[in-house]
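Engineer: The structure's right below; bear with me while I get my questions together.
Derivation of every value follows stated rules applied to the coordinates shown; laboratory data play no part. Small disclaimer: the values here were computed from a predicted structure and weren't measured. Positions of Cβ are generated from backbone atoms using ideal geometry, with glycine treated the same way; all protein chains shown enter the neighbour counts.
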Amino acid sequence: MHRSLFPIAFLIHLITLFSLLSNHAHAQGRVIEISAITIDSMSKRPITNVQVINKITGERFFSDSSGRFKSTAMKTDSLVITATGYSYKVLCFKDSLLRERYNLLIRLNKIQIELPNVDVLPRREFEEIQQDAKKLGYDKKDHVLHGYQVLASPITAIYQRTSRREKDKQGYAKLMNDVQRRELIREILQKYLDLGIFKLTSEEISPFIDFCNITESMLKNGLEYDIAAYMKSRYAEYLQKREHLR
């Protein structure tokens, strides 16, 4: 009697096991809906521009401005939740109890970076730069005798006109004046680079200053708007030239 019942019990066990496995496989293949809000773990404030990436399908999208997002996925999918300045989290519902919808509160931790103390000097305003520009100026007359001074010291005047050393001194004064002019232009240009108006690599800054060829007179007397507009027009030409040379 017991022997006759054994095959039946074994068959029932197999059917039950098959049913459980079938239900589990069916659950794993189910599409689920995910509704979530992402917040800062410390401040509890919503995080904007959260990016969600489905590692299985490659699909990616962003949350709204309040850190909320909705999505559908397979129960076996893995979702990566990430935001600029925060560590990421991976969501996977493979081993979770089956639901049609999951409502989540996701907390992301800010990435902590230790940096050495750095003294940051504030950018000068255009008016301050232009005040320095007005101090520019190389005049050869400032470095040689002229007028009644020649009559008072004719030998010195002749020496200044013929001496290589004196000519070198005059050339150095002219060179330093030009160096100061370029540094002031560089300072103005850096303001526009910081604002994102122009995009240049560090290696392109000096060639672009040469290409602009902003005169000392323009630097001393020009309005900031006029200098910016001029730089912008030269920048467009510079980009065309750069593309042509590539």
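Engineer: Neighbour counts of other C-beta atoms within 10 Å: give me V50, V90 arranged from fewest to most. Kindly include the intermediate steps, with their values, before the conclusion.
Structural biologist: Working: V50 24, V90 11.
Lowest count first: V90, V50.
Engineer: Looking at the range 31-108, what % of its DSSP beta bridges pair antiparallel, to the nearest 5? It would help to have the intermediate numbers written out before the result.
Structural biologist: On the way: 19 of 27 bridges.
Here the antiparallel bridges make up roughly 70 percent for the range 31-108.
Engineer: Please arrange M42, M231, M74 by how many other C-beta atoms lie within 10 Å of their C-beta, fewest to most.
Structural biologist: M42, M74, M231
Engineer: What distance in nm separates the two pseudo spin-label positions at H244 and L223, each 7 Å out from Cα along the beta-carbon direction?
Structural biologist: 3.2
Engineer: Multiply the residue gap between N109 and D64 by 0.36 nm, knock off their C-alpha separation, and tell me the result in nm, one decimal place.
Structural biologist: 14.3 nm
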